[in-house]
Each structure stands twice: as C-alpha cells, then as structure tokens.
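Every read-out reported here was derived from the displayed coordinates using simple, explicitly stated rules and does not represent laboratory data. All values reported here derive from a predicted model rather than from experimental measurement. Note that each Cβ is placed from the backbone with ideal geometry, even for glycine, and that neighbours are counted across all protein chains shown.
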Amino acid sequence: MSVVYWIDTQGMSFDNSIAQKLQHLLAETDATQDLSEGDQVTLKINTAEEGYEYGLRPVFIRIPAQAAYAKTKLHVTICDGLKLIDYWKQHLGSNFMRVASHQGYSNETLGGHLAVNGGFSGDEGDLFSCQSEDSDLGGVEVGTAVCRSDALWVLSHVTLHPLFGLSGALLNSGFECLVGSARSRVVRDINPYPFNGHRPPPERLADFRRHALECCLSIRNAVEGRLFFISYLWDITPQPEYFPFSNAPIAKNLGFLASRDPAAIDAVALDLIGKTEDPGGALGASEFRQVLELAEAMGIGSAQAAVQRIS
C-alpha cells in the first residue's frame, strides 16, 4: 500500500491561497528528497488544445518548478508532447508554442524552460524497453525532454478519458511521454478522438490500455525510477485536454494529490471523483478499476492507497 497526500480546497483565505496550498503539499511530501544540486528535473504537464477552455493556471505549474529549483539550483524543463492531430494545419512545433503562449504559458510564468517533448518535430527520442517478458510492444521511443532528464515529475490535470477511463498519473507517465510516432503505434487503428462517443471493440480497448501501461515501465526505465506525481483535481472535465472542446466539469474542485505511486494516486482520484460525480455521469469507475488492477499486476504500483490528508 502506497501513501498518497491530499490537500483539499477547504479554508481558503488570503494567507491560505491555492499557491500556498500547493507549497504546503510539496513541503509535506518527499518530492525533493532524492534531488541534488545540479540535477535536471523535467515536469511533464498537460497543455490544452485550442478550443479547450479549462486548462490549468500557470501558477499550478510554477509552484512545483520553484520547489525543484530550490533544491537543484537549475531551472526545470517543462514539456508536453505534440497532439496527434494538427487541427489548425500549421507546423506542429510552432503551433504547440503558439497555443501554449495564448494560455499564458511562458518561461516566465511557469518558472522553467517550456519545450516540446520529442523536439520541435515531436519525434526525437530514445528507445527504452518495457521491461516485461510478455510485453507486446517490447520497447517504445521516449521523448527527449523526458528521457534526458535526471528526474521526472508528472503533473496531471485529471480529466475523464474516452479510451483509458481517466487521464491522470498512469496515462501521463506512460503513453503521453512518448514521441508522436510511438503514440501513433500504440493507438494503432483506434481513433483517439471519438467525438461521436463510439468506442472501439472491447478487445481493442483492452489492448490499448495494456499497451499504455507497458509504456509506464519504459518511462520508469528511462528515468531510472526517479518519478514523482502531482494530480490536480481541478476542472475535472468529461474530455481530456487534447480535445479542441470540452463540456463543463463533472465535479467540484477537490484539491491536489501527491505521491510516488501512479496507480495509487489515480485510485485516490477515482474515489474522490466518484463521491461527488452525478451517478449518471460518464466516469466508468468499474472499468478504470480494472486498469488499476492490471497496473498493480504489472508491477507499476499499488491499486490500494493510504490517504494522508493535509489541512
């Protein structure tokens, strides 16, 4: 059983703001315990597609960036991968930076160096084994910003996901850290943008979920296990951030989670959302619990968590 730290949105005041809550959360965890001066830390974030109106505020990213800098004395690299479809028919690398800039994301507002994971083309990276004897993938190409760092912090804007169930630590520390061509290989014949609500057959959906989890093992291999996770239960929308639109959030803002275990932190997120979501909503909790159980069986993390609540 792994520990997951949770700080909620209760007791907001001028001296207990969102930024201060995040600072408190990081201070209470072991986020910087394994960092040394000179270490290069990469923050994997979720940048919203143009048209998606619920992206995280820059301060949500700046606080972890400042915490890492205080320990390493190096500015962090902050990255996300290029979207699989370029809706606006522009050069993908340029479009990524333009959209991020319009969201208020810059080196100054984020407290680090904003970059495209996988380089400007989105396909620059190194091959890493999934470290599983029965792996279908064998290995996958991990983006340069991730695989060439000393430690990886995965900052997930938790939303629902049409294929994986929940866009959180597991998806963002695996599939979303790959170069674009590797993500296309994992998705294969599945449409990652099922705007009409039609999902692939159950057996193909199961394949995608297993392959996405295998990617978590490759990422862990790439950074030699130096991973830390922060999940933002804030504006939890029915669509993930790579969609060019979203319906309204399905649950109230529930605060922030931190852990070193991606399965445990996603399990806690699922439980917290399930307590507030409309029973008629689209979470699909039973399906995602199967994903968590598979992650545990694959040695990625624990589907059980001890929650330590911070006031």
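Given bins 20 angstrom wide, list per bin the percent of all Cα-Cα distances in the chain, short to long.
Calculated P(r), rounded to whole percents: 36, 61, 3.
With n ≥ 4 as the cut-off for DSSP H runs, can you work out [θ] at 222 nm for the chain, using -39500 (n - 2.57) per run divided by the number of residues, rounded to the nearest 500?
-10000 deg cm²/dmol
Tell me the chymotrypsin sites (Phe, Trp or Tyr not before Pro) within segment 1-32 that lie in a loop according to DSSP and have at most 13 other beta-carbon atoms within 10 Å.
F14
Averaging sequence separations of C-alpha pairs under 8 Å and six or more residues apart, then dividing by the length of segment 1-154, give the relative contact order as a whole percent.
25
Need one number: % antiparallel among DSSP beta bridges in the chain, to the nearest 5.
40
Given a cut-off of under 8 Å on Cα pairs at least six residues apart, what relative contact order in percent is computed for the chain?
For the chain, the relative contact order is 25 percent.
What chymotrypsin sites (Phe, Trp or Tyr not before Pro) does segment 59-131 have in DSSP loop regions with at most 15 other beta carbons within 10 Å?
Qualifying residues, ordered by number: Y87, W88, F120.
Using only the alpha-carbon atoms of segment 125-224, report the extent along each of the three principal axes, biggest first, to the nearest angstrom.
The principal-axis extents, from largest down, are 40, 30, 20 Å.
Sort 236-247, 75-86 for me by packing, meaning the mean count of neighbouring Cβ atoms within 10 Å per residue, highest on top.
Ranking the peptides 236-247, 75-86 by packing returns 75-86, 236-247.
Taking a cut-off of 20 Å between Cα atoms, list the lysines near K83, but don't count ones fewer than 8 places away on the same chain.
Partners within reach: K44.
Relative contact order for segment 70-167: what is it in percent, counting Cα pairs under 8 Å that are at least 6 residues apart?
Normalised by residue count, the contact order of segment 70-167 is 23 percent.
Run through segment 199-280 and list the trypsin sites (Lys or Arg not before Pro) located in a DSSP loop whose Cβ has at most 14 other Cβ atoms within 10 Å.
Qualifying residues, ordered by number: K252.
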